[in-house]
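K.L.:
Take this structure first; my questions come after.
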Amino acid sequence: MSEKFSQDKLDRCISCGYCLPACPTYQLTGAEESSPRGRITLMRAVQSGTLEPENLLAESGFCLGCRACEPVCPAGVEYGVLLEEAREILWQGKNQPLIIRGLFLIVGNKLGMKLLGLLSPMAKERKSNPELHLMLGCFERRLYPDVSKAAAKLAPEVSVCKEQGCCGALHAHNGELEKGKEMARQLGEQLSGTIITTAGGCAAHLSSVIGRDRVKEFSEYWSTKDSSVSKVQINGRTIRVGLQDSCHLRNGMGVTQEPREILKQLGEYVEIPNAGGCCGAAGSYSLLQKRNSRKVVSQKVNDIKALNLDYVATVNPGCTRQLVTELRRAKVKTKVIHLAELVAMGTK
Amino acid sequence: MIKDLQSLIGAENVRSDSVALSAYSHDATPLFNGLPEVIVTPQSTSDVVKIVKYAAQTKTPIIPRGAGSNLCAATVPLKGGIVLSLTSMNKVLEVNKAEMLAVVQPGVTNLELDQLVEKENLRFVPDPGSRNVSTIGGNVATSAGGLRGLKYGTTKNYILGLEAVLGTGEVVRTGGRLVKDVAGYDVTRLLVGSEGTLAVFTEITVALVPRPTDSKYGVAYFDDLAAAAACVDSIISSGVLPSTLEFLDNTCLVAVEEFANLGLDIKAGALLLFGDDGEGDVVAQTVEKMAEIAKKASGIRGVTLAQDVAAAEALLYARRCSLPALARLGTLSILEDIAVPRPAMAAVVKRIEAIGEKHHLRIGTFGHAGDGNLHPTIVINKDDAEEVVKAEKALKEIFALAIEFNGTITGEHGVGSAKLPFLEKKVGKANMDLQRSIKSVFDPANILNPNRLGS
Ligand SMILES: Cc1cc2nc3c(=O)[nH]c(=O)nc-3n(C[C@H](O)[C@H](O)[C@H](O)COP(=O)(O)OP(=O)(O)OC[C@H]3O[C@@H](n4cnc5c(N)ncnc54)[C@H](O)[C@@H]3O)c2cc1C
Ligand code: SF4
Ligand code: SF4
């Protein structure tokens, strides 16, 4: 049988189980097959031919791809890569979810990206430092144009180029690994020098392809600038604010302190319990696995409610969308805002 | 069988699809795997009783399973059967500060329990390296050790009572809530370490101790492991009884540093992690005294004390991660678990090194030096058939070595399927027969984890 998974990556796992407590889907079910270790066991069975690949479909869909299993793994298993490989093997032809097919169509070509941009007033084209570029994102352009506007305003030294593609994270995470990598490479060529992004998910994918040194997520970039912000006020008092980590920013790139430090300057910072745990947005997951996505987020909604926060800051557009939807549904008053927008409020 | 089990405990608690079966075909032991026929997740003692009675009638093997983190193939379904996964029975039923005990269901993880009792300033002492994942049920069934064995003992010293389902489906209660209780045979102690072969634990009463207010740790670097072992001897013969004396050889040290980035001296031949816990000054004095002894030891390269709790925690965490970190070096790591009388340790580690050299194998050794418990780990390439054969030879030699020095073939990981072939050498024929007789009383139908202990 031809090699499907990178054998060396499968070999790394020693089945110790250290990753089980960190995995949100294992927490939900307690079932070995819904744990990182169990999924790797299944991948091995597929690799050795004792299990038909189709059997992996359900679990490869149930897995959030949040990569919480990676930083806790002492053996250095690159689970995220294995999952991308699994989806590449499985989510082909009839198995490719329809929603994914639609999304690919939009972000996979120039016209689609242009349309996404045209529909919304995002940051204006400008040529500043040629070695610093702002990434506009794909759906972020459409859904949250104010984020890139805020980032552009805060960092006038950064160039904004509207003719830019999508980073390909969506493709890479949903069964088109090679295409996803190619898109990242193209984006890396379009935008020279350091690329600054307001999306943790994009940052992690892009950096895995074009190099960690060429990518800076917004909070990382902002921390290197020596700019001061003042406390954001509501009704004459300082805001209470918490953070929802971006999984890939945290687990893929190890960025956790920067956004917290910035928030401490902007308001009274409150750590949300399990802030590093996935909110269930997980890229396209909230569309593909609606019920599970809501199960994953439900505890978080309760936690946020209990803390009586003014704002939850996010560092990735998918998390914004998920938390806006779910907090509204639960009638929680806390507002969800991207970190860059909150920084903009603190620099007025 | 699937239908029968479904009607007994509910369809939602019975899984037999090929995905689930495949996922439960392994535990943390390399080289062993086998498919079960069904996985059941009982929610209560009465569910367990129903399943066991059914299995006894139909002569179906049952494999009790916690987190599946054991390292002796004690939960691999080598001959099919029912995997009895106890992770859903995971409630802490009681934490009693006045009696210093807790009553838990078997699926609670070691770390969850300890974190919960911490709120009452209490501690659950046993702390196996796997504590974030392994369950109390699994800990009891393997009498798990950890990093505090020297001063505090292991799981067996902290189990007051059990509710257990025998192989007949009968429920027995053993022991109770008392420190003193000699009413009858000590069945509790017999069940501790029984590896799922005598009974299924459904409720466990554990003893807790006051949580020490202070702790302090330090590291000493040596030219080689034997020098570190000799230093451990000097420390203990000086009359100090610290909670922690752990060591790693250079191979482990380098691997751990690669993962944890603590700034360890990777040029050293061995690292000794020493530490103690208790009250304020006493702890500081003990640790100071150990540091002084280490400084004067032969083969010493340097001694440093951890500056704060975070630094100490990082060291302990790094030590717990020795095995997975080592595993990065190859595609297969076979971990051993011998224990020898402490004074023999220096000689034994030298002999282990010699075995590695003789077979041209990479063996990294770490262990609970205070307990004489060594984990020589052979790291090989699993596709290299020749290397696999060499590793098997080396393992046999290591077991023989342990027995030669009045030691044991397993200090804390258990026998399971992995060490069963070597057990008689260690305990002798009469003892083996006795174990078989015991097994037949608890489990006359021979359905509880058959072909392992007691077979
Ligand atoms: C990285 C790593 C580090 C480790 N470090 C240590 C260490 O420092 N010290 C140590 O002692 N061990 C250590 N272990 C081994 C292992 O974690 C322990 O043996 C642990 O106690 C197993 O618990 P578990 O819940 O995973 O049980 P499992 O592996 O699921 O089962 C172990 C045994 O217990 C039986 N069992 C489980 N639950 C029950 C029950 N409710 N009733 C009856 N029988 C039951 C099973 O049948 C089996 O025989 C380590 C393992 C790993 C992977
Ligand atoms: S992925 Fe890592 S933490 Fe999880 S079982 Fe494998 S080696 Fe252990
Ligand atoms: S990526 Fe997230 S959901 Fe998937 S196995 Fe890892 S921790 Fe679990």
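K.L.:
Looking at A:Tyr18, A:Tyr79, which is the one that is hydroxyl-bearing (Ser, Thr, Tyr), within 16 Å of ligand 1 (Cβ to nearest atom) and either buried (at least 22 other Cβ atoms within 10 Å of the Cβ) or under 20 Å from the mean Cα position of the chain (by Cα) (or both)? Give the derivation first.
P.N.:
Working: A:Tyr79 fails: within 16 Å of ligand 1 (Cβ to nearest atom).
Result: A:Tyr18 is the single residue among A:Tyr18, A:Tyr79 that is hydroxyl-bearing (Ser, Thr, Tyr), within 16 Å of ligand 1 (Cβ to nearest atom) and either buried (at least 22 other Cβ atoms within 10 Å of the Cβ) or under 20 Å from the mean Cα position of the chain (by Cα) (or both).
K.L.:
Still on this structure: So B:Leu71 fits all but one of (1) open to solvent by 30 Å² or more (accessible area, probe 1.4 Å); (2) among the hydrophobic types (A, V, I, L, M, F, W, C); (3) assigned to a helix (DSSP H, G or I); what number is the exception?
P.N.:
Only one criterion is unmet by B:Leu71, namely (3).
K.L.:
Next up: Output the residues belonging to the range A:130-175 that are under 17 Å from the mean Cα position of the chain (by Cα), of a type outside the set (A, V, I, L, M) and open to solvent by 50 Å² or more (accessible area, probe 1.4 Å).
P.N.:
Of everything in the range A:130-175, those that are under 17 Å from the mean Cα position of the chain (by Cα), of a type outside the set (A, V, I, L, M) and open to solvent by 50 Å² or more (accessible area, probe 1.4 Å) turn out to be A:Phe139, A:Arg142, A:Tyr144.
K.L.:
Ok, one more. Does any residue in the range A:233-253 that is without any contact (Cβ under 8 Å) to a residue 24 or more places away in the chain come within less than 6 Å, Cβ to Cβ, of a residue that is among the basic types (Lys, Arg) and open to solvent by 10 Å² or more (accessible area, probe 1.4 Å) six or more places away or on a different chain, and which pairs are these?
P.N.:
none
K.L.:
Here is a follow-up. Could you tell me whether the range B:307-315 includes any residue that is within 14 Å of chain A (Cβ to nearest Cβ) and within 16 Å of ligand 2 (Cβ to nearest atom)? Quick ask: steps written out before the conclusion?
P.N.:
From the range B:307-315, those within 14 Å of chain A (Cβ to nearest Cβ) are B:314; that's our starting set.
Subsequent filtering for residues that are within 16 Å of ligand 2 (Cβ to nearest atom) retains none.
No, the range B:307-315 contains no residue that is within 14 Å of chain A (Cβ to nearest Cβ) and within 16 Å of ligand 2 (Cβ to nearest atom).
K.L.:
For the range B:106-205, which helices (runs of 4 or more DSSP H) that fit wholly inside it have 1 or more residues that are open to solvent by 20 Å² or more (accessible area, probe 1.4 Å) and of a type in the set (Val, Ile, Thr)? Don't jump to the end; show me each part of the working.
P.N.:
Working: elements: B:110-118, B:136-142, B:149-152, B:187-191.
Once the helices (runs of 4 or more DSSP H) in the range B:106-205 are filtered for at least 1 residues that are open to solvent by 20 Å² or more (accessible area, probe 1.4 Å) and of a type in the set (Val, Ile, Thr), what remains is B:136-142, B:187-191.
K.L.:
Give me the residue from the range A:235-245 that is open to solvent by less than 40 Å² (accessible area, probe 1.4 Å) and in a loop (DSSP other than H, G, I, E, B) and, out of that set, nearest to A:Tyr221 (Cα to Cα). Before you say what the answer is, go through the steps one by one.
P.N.:
Restricting attention to the range A:235-245, the residues satisfying the condition of being open to solvent by less than 40 Å² (accessible area, probe 1.4 Å) are A:239, A:241-245.
Imposing the further condition that a residue be in a loop (DSSP other than H, G, I, E, B) reduces the set to A:239, A:245.
On the way: A:Ile239: 23, A:Asp245: 16 Å.
Filtering the range A:235-245 for residues that are open to solvent by less than 40 Å² (accessible area, probe 1.4 Å) and in a loop (DSSP other than H, G, I, E, B), the one nearest to A:Tyr221 (Cα to Cα) comes out as A:Asp245.
Each row is one residue, and each column tells you yes or no for (1) open to solvent by 20 Å² or more (accessible area, probe 1.4 Å); (2) within 21 Å of A:Asp11 (Cβ to Cβ); (3) part of a loop (DSSP other than H, G, I, E, B).
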position	(1), (2), (3)
B:Ala325	no, yes, no
B:Leu329	yes, yes, yes
B:Ile352	no, no, no
B:Thr365	no, no, no
B:Val379	no, yes, no
B:Lys382	yes, yes, yes
B:Glu397	yes, no, no
B:Ala400	yes, no, no
B:Glu412	yes, no, yes
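K.L.:
Among the residues of the range B:49-56, are any assigned to a loop (DSSP other than H, G, I, E, B), among the aliphatic types (A, V, I, L, M) and open to solvent by less than 20 Å² (accessible area, probe 1.4 Å)? Working first, answer last.
P.N.:
Within the range B:49-56, the subset assigned to a loop (DSSP other than H, G, I, E, B) is none.
No, every residue in the range B:49-56 fails to be assigned to a loop (DSSP other than H, G, I, E, B), among the aliphatic types (A, V, I, L, M) and open to solvent by less than 20 Å² (accessible area, probe 1.4 Å).
K.L.:
Also, quick follow-up: Test B:Lys59 against the stated conditions and say whether it is more than 12 Å from every other protein chain (Cβ to nearest Cβ), at negative phi and surrounded by fewer than 22 Cβ atoms within 10 Å (Cβ to Cβ).
P.N.:
On the way: more than 12 Å from every other protein chain (Cβ to nearest Cβ): yes; at negative phi: no; surrounded by fewer than 22 Cβ atoms within 10 Å (Cβ to Cβ): yes.
No.
Residue-wise test of (1) buried (at least 18 other Cβ atoms within 10 Å of the Cβ); (2) of a type in the set (D, E, K, R); (3) at pLDDT below 90.
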residue	(1), (2), (3)
B:Asp308	no, yes, yes
B:Ala314	no, no, yes
B:Arg319	yes, yes, yes
B:Pro341	no, no, no
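K.L.:
In addition: Which pairs have Cβ atoms under 8 Å, sit 6 or more apart or on different chains, and link a residue in the range B:27-45 that is at the interface with chain A (Cβ under 10 Å from one of its Cβ atoms) to one that is of a type in the set (Lys, Arg) and part of a loop (DSSP other than H, G, I, E, B)?
P.N.:
Cβ pairs passing all conditions: B:Pro30/B:Lys382.
K.L.:
Kindly provide the set of residues from the range B:238-253 that are in contact with a Phe, Trp or Tyr (Cβ under 6 Å, 6 or more places away or on another chain) and under 20 Å from B:Lys267 (Cβ atoms), ordered by number.
P.N.:
If the condition is that a residue be in contact with a Phe, Trp or Tyr (Cβ under 6 Å, 6 or more places away or on another chain) and under 20 Å from B:Lys267 (Cβ atoms), then B:Leu248, B:Cys252 are the ones that fit.
To keep it simple, each residue is scored yes or no on (1) open to solvent by 10 Å² or more (accessible area, probe 1.4 Å); (2) within 9 Å of another protein chain (Cβ to nearest Cβ); (3) touching a His at 6+ places or on another chain (Cβ under 6 Å).
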{"site": "A:Phe5", "(1), (2), (3)": "no, no, no"}
{"site": "A:Ile14", "(1), (2), (3)": "yes, yes, no"}
{"site": "A:Pro24", "(1), (2), (3)": "yes, no, no"}
{"site": "A:Ser35", "(1), (2), (3)": "no, yes, no"}
{"site": "A:Asn55", "(1), (2), (3)": "yes, yes, no"}
{"site": "A:Glu59", "(1), (2), (3)": "yes, yes, no"}
{"site": "A:Val72", "(1), (2), (3)": "yes, yes, no"}
{"site": "A:Arg87", "(1), (2), (3)": "yes, no, no"}
{"site": "A:Gly93", "(1), (2), (3)": "yes, no, no"}
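K.L.:
Next question. Return only the number of the condition from (1) farther than 30 Å from A:Gly61 by Cβ; (2) open to solvent by 40 Å² or more (accessible area, probe 1.4 Å) that A:Val232 does not satisfy.
P.N.:
So A:Val232 meets the others, but not (2).
K.L.:
Please report, ordered by residue number, the helices (runs of 4 or more DSSP H) entirely within the range A:246-348 with at least 2 residues that are buried (at least 16 other Cβ atoms within 10 Å of the Cβ) and small (Gly, Ala, Ser).
P.N.:
In the range A:246-348, A:339-346 are the helices (runs of 4 or more DSSP H) which contain 2 or more residues that are buried (at least 16 other Cβ atoms within 10 Å of the Cβ) and small (Gly, Ala, Ser).
K.L.:
How many residues are within 8 Å of ligand 2 (Cβ to nearest atom) and of a type in the set (A, V, I, L, M) if we restrict to the range A:12-34? Quick ask: steps written out before the conclusion?
P.N.:
Within the range A:12-34, the first condition is being within 8 Å of ligand 2 (Cβ to nearest atom), and the residues that meet it are A:12-20.
Right, trim to of a type in the set (A, V, I, L, M) and you get A:14, A:20.
Of the residues in that region, 2 qualify.
K.L.:
Look through the range B:218-227, keep the residues that are open to solvent by less than 20 Å² (accessible area, probe 1.4 Å) and not in a helix (DSSP H, G or I), and return whichever of them is nearest to ligand 1 (Cβ to nearest atom). Walk me through how you get there before you give the answer.
P.N.:
Pass one, the range B:218-227, residues open to solvent by less than 20 Å² (accessible area, probe 1.4 Å): B:218-220, B:222, B:225-227.
Those left that are additionally not in a helix (DSSP H, G or I): B:218-220, B:222.
Details: B:Gly218: 21, B:Val219: 19, B:Ala220: 21, B:Phe222: 22 Å.
Checking each candidate, the answer is B:Val219.
K.L.:
Kindly establish whether A:Leu105 is touching a Gly at 6+ places or on another chain (Cβ under 7 Å) and more than 16 Å from ligand 3 (Cβ to nearest atom).
P.N.:
yes
K.L.:
I've got another one for you. Can you find a residue that is of a type in the set (A, V, I, L, M, F, W, C), in contact with a Pro (Cβ under 6 Å, 6 or more places away or on another chain) and more than 9 Å from ligand 3 (Cβ to nearest atom) anywhere in the range A:62-73?
P.N.:
Taking every residue of the range A:62-73 in turn, none turns out to be of a type in the set (A, V, I, L, M, F, W, C), in contact with a Pro (Cβ under 6 Å, 6 or more places away or on another chain) and more than 9 Å from ligand 3 (Cβ to nearest atom).
The values are calculated or read from the model by the stated rules, or taken from the named source; none is laboratory data. Keep in mind the model is a prediction, meaning the values are calculated, not measured. FYI the Cβ positions are ideal-geometry reconstructions off the backbone, even for glycines, and counts take in every protein chain you see. Ligands, DNA and RNA are stripped out before the accessible areas are found, and what is left, the full protein with its side chains, is counted by its heavy atoms. Shrake-Rupley method; radii C 1.70, N 1.55, O 1.52, S 1.80 Å.
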